[in-house]
Every structure is written in C-alpha cells, then in structure tokens.
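Any read-out appearing in this document is the output of simple, stated calculations on the displayed coordinates, not a laboratory observation. Bear in mind the structure is a predicted one, so any value in this text is a computation, not a measurement. Neighbour counts run over all protein chains shown; Cβ positions are idealised from the backbone, glycine included.
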Ligand SMILES: [Zn+2]
C-alpha cells in the first residue's frame, strides 16, 4: 500500500506541474498576452495538454488508482476521498471510447466560435447543428457512464454538484417557483423612487481600480499570495493557497459593475486563500463544489456587499473617489440603486431577486432536452414562453434569449443550477452565522476579518475533502433548506420596497 501511495503521489506531482504551467498560460491569455501570440501559444499548449493527458490515462496510473480504490478503507480519510474522485475520472476515461471523445473535443473547439457568431448575427439556425451534435454526444456519454443510481440529466447534475440530482433540484426550484414568481410580480409592480441621476455619469477606469483596491483591503485579501488584473469577463483562479488571482472588468458608464464583480471574485478568492494549506499538494485543495464556491462569492456580493450596513461604512470612501459624480447622491439613493429589482432579459445583468428565475428557466429546459421532451429547433419558442411566464416579458431576439449564454456551446449541461443553489447555500450559511457572530458590528470595524475567519473555520478549511452536503450540515447544523433563501429575499426586498 505504501508503495502504491508513493507512486500515486509521484504521478500527482507531475500532473500538477503540467497543470501549473497551463494555468499560468491561461491566466496570461485572459489578462495580458498580446493578440499576436496565440497561434504560437496554441502549438505549445497543445503539446503540454497532450503530455498531461497521456500521463493521466497511462495504464500504470489507472492501475494504481484502481488498486488504491479497492483498498480505500485502509487510507486516511482525505486521501480516500481523493481516490474516490480519481476513480470517477478514470472510469470516464475507460468508458467513453477514445475516438468519440476526441471528436467531441474537436466539436467543442469550434462550437464556441459558431455560437459567438450566431449570437452576434442573431441567427439561431446557424448554431443549431452544433448544438444538436453537442446534445447528442452529451446523451451518448451519459449512457456510457450511467450507473444504478445515476442516469441521464442526473449524471450531468451530479458532475457539477455531487449528490444533487433532479430529486433535490425539483424540490428546490419548485419552492422558488411557488414563492418567488408571485413575489417578484408584486415587487416589480411598484416603483422605487430615488435620485438616479448618477447612474448615467462617466466613471474613469483608474478611479474604479482605486476603489477595487480599497475593497481588497476591506475583505482582507492577501496580496502577497494574490493579484488583481483586468479581463473581458471577471473570474478567479488559483493553483494553491499560495497563489489566488482574480480579474475585474471596468465599464466607465456602469461603475457598480466593477464594484460588485470585485466583491464577488474576492468572495471566491477568500475561499481559496483560506483552504487548509496542508492540502496544497493534493487534489482536494480546491472548493468543495461549484455551488459551494458560488455561495461564497454571492454571500459577499449580495448579502454583505449589497447590505445597508456595508455602505454605511464604505459609501464615504466611494464619494471621496467619485466626488463630482456622487456629490448630491445620498446613501439611501445609492442603496436603492444597487438593490433595484427589474424583470430583465439577460441573466448576467439580473438583480439578486430575479436572478434565480433566470436559472429556473435554464434548468427546466435542460431537463426537457435530456429527457427528449423538446427538439433543438423548438428551443427559442420554449425559451420565450418561459421568460414570459416567469418574468412577464417578451424576448425580442434570440441573442437576448436562448443564445445569450456560452455554457451549452461548451457542452456544460447541468452547470446553471449550481448558480441558484449557491445563493441558497449562502442564505442558509448567513442565517447560522448571524446566530454566532455580530455581523453588523464586525462590518463597523471596517473589514470583514472575523466574517472570513468564521467561514474559514466552518467551510473553507475543508477544501474539497468532503462533499458540499456534509460541509453545509457541519457549518449550519442542518440539511439544505431552501426556505432560508426565500425568507432572506422576501425580508430584504419587502423592506426596500415598503411592502
Ligand atoms: Zn462566481
């Protein structure tokens, strides 16, 4: 056993070295690489990923993992968990025919471009053939990988959020549908009165960067092990607790976008920086799941970052940086502006309250697709019908409708639901946190230090050594309960809208 473990660790180290190199290159590609370098770059990253794939799929490594899996009861719990996950990916490699997998990857290599072009040209027919092919591969692969317990869409869902299938999601979205759809109708029938003149002003990029740096300090981001840059779409990425980076995008005509994406990404980054450093060299030194990661970013972005208390402390700093633009704007005006609810078409621009309804639409449609209940050609019509039903608005074009997200072009079916689940985890975690520490008082101190510490102890330190369901239960003392999310939203927005 000892020898097997050390051989496994040797493979892991070599694979991590490839991963490290590719991570660094992809960070550079998204932030600072000159446009002209990508042809040359693709050639060498191709070699790196081929070498890494060979190592990953070598029969010796697969054999080691199978043997360790057979004896997993004798391993310590952290390594055992890692081996269970390694075994899952090994099974994938073995069950999906190599040739089909290569063809699928080739399809994905072009489908994102096809999607982008179709979206620009507002032409669903252009993307339809690619989407049909992606879906047919998805179904085929699900068939290869199905087990006694997991089949079809459940298999894809479980891949993004372990132990969450249509059973859990149906219940979750059922509650949201029942509770939130009528609530949103009530809220959006009212108008929020405030001085919104500042929303149309220009906010120089450099000033926005200054405020994003201020937010880093507020959230105690460790810049000795982290870095902030700019990219087209904000993201966070890290290889260990020693190096966790994030990006922001600055729009001069929409300055709150960079504020909330900085807070959001810092939520992700705080999670990664606070994982037990002992896990750095393992494969379980990342977040527990997509939804758990999203719970941390959304907790900071929405529950903390859009709270009245947060801006009672930090609005004066914002006013100091944007003297001209905010001089006649009160804290109340600003608070209302960042919490305004509107039925809108685009998911990524949606407010905190209507956001889960956008996810519900995608969940319903994905489930229909995987259950063969809808043809690809019918998707635009089905989409528009659901937007009308849940959000009460008409979709004027496919680029603002069914073509707006890149996920399906990347073969990512089962990913969307984790966004809404993350927000719901966040509300449940918040409910527990409130009982144990005085959040408002902590915010008054000027930083989120003690909030970070609470999260580290309850959630972050575990990395992915446990599944999210278990971590949530350890942190909050109970199983997942979506009512915390519903109540949090109803409470907050009833107050803002004077219901
Ligand atoms: Zn996020």
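For segment 39-141, what is the Kirkwood estimate of the hydrodynamic radius, computed as the reciprocal of the mean inverse distance between distinct Cα atoms, to one decimal in Å?
Numbers: mean 1/r = 0.0605 Å⁻¹.
Kirkwood radius, segment 39-141: 16.5 Å.
Which angle from 0 to 90°, rounded to the nearest 10, does the C-alpha axis of helix 308-321 make with the longest principal axis of the chain?
So the helix axis and the longest Cα principal axis differ by about 80 degrees.
Using Cα atoms only, what is the angle between the long axis of helix 166-188 and the major principal axis of the chain, expressed in degrees (0 to 90) to the nearest 10?
20
Counting other beta carbons within 10 Å of each Cβ, put 19, 358 in order, fewest first. Write down the numbers at each step before the final one.
Working: 19 15, 358 25.
Starting with the residue having the fewest Cβ neighbours, the order is 19, 358.
Under the √(5λ) rule applied to the eigenvalues of the Cα gyration tensor, what semi-axes describe the equivalent ellipsoid of segment 2-95? Give them in Å, descending.
The three semi-axes for segment 2-95 are 32, 13, 11 Å.
Given Cα pairs under 8 Å that are at least 6 residues apart, what percent is the relative contact order of segment 156-272?
Worked out over segment 156-272, it gives 22 percent.
Return the whole-Å distance between the Cα centroid of segment 84-158 and the Cα centroid of segment 298-369.
Centre-to-centre distance over Cα atoms comes out at 34 Å.
Note down the relative contact order for the chain as a percent, whole number, built from C-alpha pairs under 8 angstrom at least six residues apart. Before the final figure, lay out the partial values.
Details: 615 pairs, mean separation 95.6, N = 499.
Result for the chain is 19 percent.
For a footprinting-style exposure proxy, rank 314, 407 by other Cβ within 10 Å, fewest first.
407, 314
Return a whole-number percent for the relative contact order of segment 2-95, with Cα pairs under 8 Å and 6 or more residues apart as the contact set.
Computed over segment 2-95, the figure is 33 percent.
Stokes-Einstein diffusion coefficient for segment 244-366 at 4 °C in a medium of 1.567 mPa s, Rh from the Kirkwood formula over Cα pairs: what value in µm²/s?
79
Roughly what % of DSSP beta bridges within the chain run antiparallel, to the nearest 5?
45
Compute the orientation-averaged projected area for the chain from the convex hull of its Cα atoms and round it to one decimal in nm².
Working: hull surface 94.2 nm².
Average of the hull's projected areas for the chain equals 23.6 nm².
Taking only Cα atoms, what is the 0 to 90° angle, nearest 10, from helix 77-95's long axis to the longest principal axis of the chain?
Helix 77-95 sits roughly 70 degrees off the main axis of the chain.
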